[in-house]
Amino acid sequence: MAKKLIGDPIDRIDGTQKVTGSARYSADVKRPGLVHGVLVMSTVANGTIQTLDTTETLRLPGILAVMSHTNAPKLGGMDKNKSGETASDRVLHVFQDNLVHYNNQPIAMVIADTFEQAVEGASLVRVTYATEPVKPGLPTSTDKPLTPPRLPRVDDQVDTTRGDVKKGMAGAASTLEATYKTPTQFHNALEPHAVLSFWEGDKLTMYTTTQGISGYQKRVAELFGMPKENVRVITQYLGGGFGSKGTTFSQAMLGPMAAKLVGKPVKLVLKREHMFGMVGSRSATVQTMNVGATADGQLTAMTHDTLAQTSAFDEFMEPAGTITRMLYACPNLATTHKFIKANVGSTSPMRAPGEAPGVFALECAIDEMADKLKIDPLQFRLKNYAEEDPHRNRPFSSKSLRECYQQGADQFGWSKRAKQPRATRDGNYLVGMGMATTVYPVNRGESTAMVRLNTDGTVRLETGTQDLGTGTFTIMNQLAAEVLGLSPDQVTLGAGDSKYPEAVGSGGSRTTVTTGSAVTQAAQEVLKKAKKMAYSDKKSPLYAVAEAEIEAKNGRLESKSDPKKGESFTSLLKRNGNKPIEATTLSKSGAEKETHSMSAFGAIFVEVRVDEALGEVRISRMLGNIAAGKIVNAKTAKSQILGGMVWGVSMALHEYAALDTRNARIMNPNLAEYHVPVNADIRDIDAIFIDEADETVNPAGVKGIGEIGIVGTVSAIANAIYHATGKRHYDLPITVEKLI
Ligand code: MOS
């Protein structure tokens, strides 16, 4: 039977709850005796707290406590980082000492009976500081860049060289050097970070906003020096995360600390303004690209040097050079990564960390080089197509990038693109077309899933995954149903709770890749057991039929060649002890990790209209053509790509944190001034999946689609603006004032 490569576009199973308001997000959960915490933030970027006067606050009605370094529970597990990441695991030692490392750092929490009392109380805490000189970070920093100890994905080397770059450049007919700048960005999920914590004896329960229930549970247990079984983490719904809910940031400890201090359930919900610092940011980058090519368009050499920033207490490096290593066949290539330390909140993964800013630089440089050589940018990319991964020297498990280019170009009308920039006008508008390659690696972790086939023919699926809002819960049911020949509504799901089997964190587009594989494998194991039950049972119509000859279809097992020969799961189980069949499977990478290079690929095409007088950019058309292995649900998957492309618009044209360099304070910590695209910014947008069967990549046959949408979109827009206006932009975002 040919495998179905694009799955049914069914609605999200939690869609109705969400749109009718009955979904209870973490901040909506109530408990008897619940009290409220509101944070007080630092107003200096570097120094020590001298006095923290709570007199006025404590005079207010309803105030239970003001928690700060003076009275907060001390945590034994702070430095015992068993997860092996960086020294602090990006959880600042908040309230453990009087140090201030960045502006807008949490320094106290007012806990009160009502939220309003806590808000007022927080406004009346008076703080004095002894300040130190401020390091505001990029782009003004003159500090000597440091080499980070590692990149976030530990198997990525920090610096790489292959071939002889000097020789490659010397052999080039044309060379290009360009420096690209990207700004600090904040994730700004619609749902702010929230945590409701309560203790029952030495057992802690947290309703929280996390992209990784299992990791969060372990980290909190570590911080409080307790076994993980004593920490229960529940995340039933999420309103986005974009990476900022992937790391266990400081609210994860502040919530339980406060609950312990006052002996009551405490709810802590971050204000929008509080999300600009303590829950991560995408590092600003300065990236220099050098490209050399022959006159007929063969790349001879490339270098990609990235400078980023990290906080004073962390070592996160934005890994912008990793895609450059593998995207094109280029014999001589070097990449470096360096960072400076600054008085900023921890930089952290955000929406394709590394890939998004890195591919902006790479694909703009490729476009500019094509232009220099007078070769069509798509042809130039095809000329340098990597048939195998030139960085790892391995074949790809699958790569359908040619098909993406081809179908995208046909559908978008790329052949109609004017050869010269600034050649197409429509009234006041200069019209341009641009494209870029998009790519995202397959990241697979470890997940466990339990599948139980009940005697009534329904299935129970349990796995401790979370759903960022992307449709994870829905497609897990689809995967189990597909293997067992059922319809997804015959599967009920237990997820969003650490009481279920441990599942991977939803970062790096690894959820379906990892947990989807665990679900697939557990369901396959159940199916195998059911088949065995049938062919071993003299009373079954399938008695003595070969296993490979039996398939699951419509709640039945039947013979492939003679579908009438078969029986329902129900009758099979009833006759065989009337017990469910169950399997629990731990799924992780195998040999393919060493033998193959695995990535999703795609092509993004963009048409822009730039108002010549006003400098306003309108993106009139966008098309993404994506090959990402099997697509489990055509609807939720398409939404993922469209959402990613919208974030590409955001990065290209809108988003940046405005920094006051005197005090390293973010000046636009709200959604009124920190701009993201709204509906009116998005016109004709579409995403199409290319059929791609990949038997190697993982048991589910899927590649991640959470982040690939943003990666190539940023440069496709920049390249389209060049084609419209004849002017290149190297500094994101490309705002109105840069265009006039
Ligand atoms: Mo993501 S930024 O890998 O959650």
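The values are calculated or read from the model by the stated rules, or taken from the named source; none is laboratory data. The shown structure was predicted, so the numbers you read here are calculated from the model rather than taken from an experiment. When we count neighbours, we look across all protein chains shown, and the Cβ atoms used for this are built from the backbone with ideal geometry, even at glycine.
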Review point. Quick one: how many residues across the range 676-697 are of a type outside the set (Val, Ile, Thr), free of Cβ contacts under 8 Å to residues at least 40 places away in the same chain and part of a loop (DSSP other than H, G, I, E, B)?
Key: 2
**Study point:** Residues (within 18 Å of Ser568 (Cβ to Cβ) and among the polar types (S, T, N, Q)) located in the range 508-553
**Key:** Ser536, Ser540
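Listed here are the residues, each with its yes/no results for (1) under 30 Å from Val714 (Cβ atoms); (2) assigned to a strand (DSSP E or B); (3) acidic (Asp, Glu).
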site	(1), (2), (3)
Thr140	yes, no, no
Lys144	yes, no, no
Val158	yes, no, no
Thr161	yes, yes, no
Tyr180	yes, yes, no
Glu229	no, no, yes
**Study point:** Condition met for Ala295 (modelled with pLDDT of 95 or more, outside the structural domain of Leu34 (by TED's automatic domain parsing), within 16 Å of the ligand (Cβ to nearest atom) and of a type in the set (A, V, I, L, M))
**Key:** no
**Study point:** Every residue from the range 55-80 that is farther than 18 Å from His93 by Cα and touching a Ser or Thr at 6+ places or on another chain (Cβ under 8 Å)
**Key:** Gly62, Ile63
Exercise for review: Starting from residues that are at pLDDT 95 or above and among the aliphatic types (A, V, I, L, M), keep the ones in the range 232-259 and report whichever is nearest to the ligand (Cβ to nearest atom).
Suggested key: Leu238
Review point. Only one residue in Ala716, Ala680, Ala700 is surrounded by fewer than 24 Cβ atoms within 10 Å (Cβ to Cβ) and of a type in the set (A, V, I, L, M, F, W, C). Which one?
Key: Ala680
Study note, to complete from the structure: Out of (1) in a strand (DSSP E or B); (2) not assigned by TED's automatic domain parsing to the domain that holds Tyr405, the one Val608 does not meet is (2)
Practice item. Evaluate the following for Asn698: is it at pLDDT 95 or above, in contact with a strand residue (DSSP E or B) (Cβ under 9 Å, 6 or more places away or on another chain), more than 16 Å from the ligand (Cβ to nearest atom) and closer than 30 Å to Gly590 by Cβ? Key: yes
Check your understanding: Among Arg90, Arg153, which is the only one that is at pLDDT below 95 and either buried (at least 18 other Cβ atoms within 10 Å of the Cβ) or aromatic (Phe, Trp, Tyr) (or both)?
Key -> Arg90
Review point. Picking from Ala436, Ala423, Ala418, which residue would you name as being under 25 Å from Gly507 (Cβ atoms) and of a type outside the set (Asp, Glu)?
Key: Ala436
Review point. Assuming Ser400 fulfils every condition listed in (1) out of contact with any helix residue (DSSP H, G or I) (no Cβ under 8 Å at 6 or more places or on another chain); (2) surrounded by fewer than 17 Cβ atoms within 10 Å (Cβ to Cβ); (3) of a type in the set (S, T, N, Q) apart from one, which condition is it?
Key: (2)
Check your understanding: With (1) in a helix (DSSP H, G or I); (2) touching a Gly at 6+ places or on another chain (Cβ under 7 Å); (3) free of Cβ contacts under 8 Å to residues at least 60 places away in the same chain as the list, and Leu382 as the residue in question, which single condition is left unmet?
Key -> (2)
Point to revise | Residue among Val439, Val483 that is at pLDDT 95 or above, within 28 Å of the chain's Cα centre (by Cα), of a type in the set (A, V, I, L, M) and within 16 Å of the ligand (Cβ to nearest atom) | key: Val439
Point to revise | Whichever residue in the range 329-349 is within 16 Å of the ligand (Cβ to nearest atom) and not in a strand (DSSP E or B) and, among such residues, is surrounded by the most Cβ atoms within 10 Å (Cβ to Cβ) | key: Gly345
Practice item. Assess whether Ile710 counts as being under 30 Å from Ser589 (Cα atoms), β-branched (Val, Ile, Thr) and at pLDDT 95 or above. Key: yes
Review point. From Ala301, Ala352, Ala320, which residue is touching a strand residue (DSSP E or B) at 6+ places or on another chain (Cβ under 8 Å), in contact (Cβ under 8 Å) with a residue 40 or more places away in the chain, in a strand (DSSP E or B) and among the small types (Gly, Ala, Ser)?
Key: Ala301
Check your understanding: Taking the range 10-40 only, how many residues are out of contact with any Leu (no Cβ under 9 Å at 6 or more places or on another chain) and loosely packed, with under 13 Cβ neighbours inside 10 Å?
Key -> 8
Check your understanding: Do we have Arg510 as out of contact with any Phe, Trp or Tyr (no Cβ under 9 Å at 6 or more places or on another chain) and surrounded by fewer than 19 Cβ atoms within 10 Å (Cβ to Cβ) here?
Key -> no
Check your understanding: Any residue in the range 548-571 that is assigned to a helix (DSSP H, G or I) and either buried (at least 23 other Cβ atoms within 10 Å of the Cβ) or in contact (Cβ under 8 Å) with a residue 40 or more places away in the chain (or both)?
Key -> yes
Review point. Looking at (1) surrounded by fewer than 24 Cβ atoms within 10 Å (Cβ to Cβ); (2) of a type in the set (A, V, I, L, M, F, W, C); (3) within 18 Å of Val220 (Cβ to Cβ), can you tell me which one Val266 breaks?
Key: (1)
Study note, to complete from the structure: Across the range 504-519, the tally of residues that are under 20 Å from Pro580 (Cα atoms) and either within 16 Å of the ligand (Cβ to nearest atom) or in contact with a Gly (Cβ under 8 Å, 6 or more places away or on another chain) (or both) stands at 0
**Study point:** Counted residues, the range 196-216 - those being more than 16 Å from the ligand (Cβ to nearest atom) and part of a loop (DSSP other than H, G, I, E, B)
**Key:** 2
Practice item. Please verify whether the range 732-740 includes one or more residues that are in a loop (DSSP other than H, G, I, E, B) and modelled with pLDDT under 95. Key: yes
